Amino acid sequence: MKQLTQQSLGDVFALGATGPGTWHAQVDRTWRGWTGPHGGVLAGLLVEVARRAAGDDLPVRAVDLRFLGRPVDGAFTFSATAQPVGRSTAIVDVVARQESGPVAAASIMLGRTAPSSVPDRAERPAPEVATADACAAFRMPPEIVPAAAHFDIRPAAGPLPLTAAAQAWMCAWIALDPPMDTDAATLAILADALPPGIFPTLSAPVAVPTVGFSMYVHTDFTEPASQRVLARVANTGTGGGWSVDDVDIWDESGRLLVSARQNRRVLG
């Protein structure tokens, strides 16, 4: 992977304020997924807009996102409305638009870290796998999925995509190219970096676009997370033209960073 100066998501996508509660960003064609801009990038931009709209450096805690239309490469505008909930929590509703109209909407919860009498615990330990340096790189063909060039993916466990395997899950080390700060926004991108969970059971790709995306953040990033993370995606069920995936992401120290769920349509 090329070694580049680490940037923020806002820098990479030229995210800037255009007025009270409004922002603008640019997603170029190199971030294109199967049929349009990579869904994780749009999710990450919605999260970053919500964080800026909330102010006061409140950590992101949860994301509930719905895709409303088919986005295209190019410019996006975002409008955000923040609603305080008590003194330590805020809900921010964000809508992403293009010339065609709204393409995605998200409700994002942010909340301040506070002392608690309940001890910290994590019920999803990181799987025991080889280090990233010991795992071979894997990349989807960039001529089919241009955004694949932005991910350094190193499978660490489970079957590979499109191998007609019996198991519907994958586990891999992932890093972004260009490198970006690891935070809630970039983790939304990484949660959508691996192919759909049913892909190991297939022998040819089919369109499986995400309709709904939810993510829960398990850290406030007071202790910075590693730039490379370990992601596990597992298909929890597919039927009737719908498919649900669960994703867990840990940093290199084994700390659980986020858990996510994607609700997909199976169009093939």
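Worth a mention:
- The chain - accessible surface per residue (Å², probe 1.4 Å): 47 Å²
- Using the average count of surrounding beta-carbon atoms within 10 Å as a protection proxy, the listed peptides 225-238, 45-58, 97-110 rank, highest first, as 45-58, 225-238, 97-110.
- Viscosity 1.002 mPa s, 20 °C: Kirkwood-radius Stokes-Einstein D of the chain over Cα pairs, µm²/s: 114 µm²/s
- Within the accessible area of the chain (1.4 Å probe), percent carbon and sulfur: 53 percent
- Compared with the direct C-alpha span, the chain from H24 to Q6 gains 4.3 nm at full extension, assuming 0.36 nm per residue.
- Spatial separation of Cα centroids for the range 101-164 and the range 1-77, in angstrom: 17 Å
- Area of H24 that stays accessible when all protein chains are in place (1.4 Å probe, Å², to 10): 70 Å²
- Interchain or long-range residues, amide H under 5 Å from M180's placed H: Q7
- Taking the alpha carbon gyration tensor of the range 168-268, multiplying each eigenvalue by 5 and rooting it gives semi-axes of 26, 13, 11 Å, largest first.
- A Cα-only calculation for the range 45-138 places Rg and Dmax at 18.0, 50 Å.
- Debye-sum result for the range 87-192 in log10 I(q)/I(0), which assumes one identical scatterer on each alpha carbon, at q = 0.11, 0.23, 0.24 Å⁻¹: -0.59, -1.31, -1.36
- Here the ratio of the Cα radius of gyration of the range 1-105 to 2.2 N^0.38 Å is 1.09.
The values are calculated or read from the model by the stated rules, or taken from the named source; none is laboratory data. Here the structure is a predicted model, which is why all the values come from computation and not from measurement. No Cβ is skipped: glycine too gets one built from the backbone with ideal geometry, and neighbour counts run over all protein chains shown. Heavy atoms of the whole protein, side chains included, go into the accessibility calculation; ligands, DNA and RNA do not. Shrake-Rupley method; radii C 1.70, N 1.55, O 1.52, S 1.80 Å.
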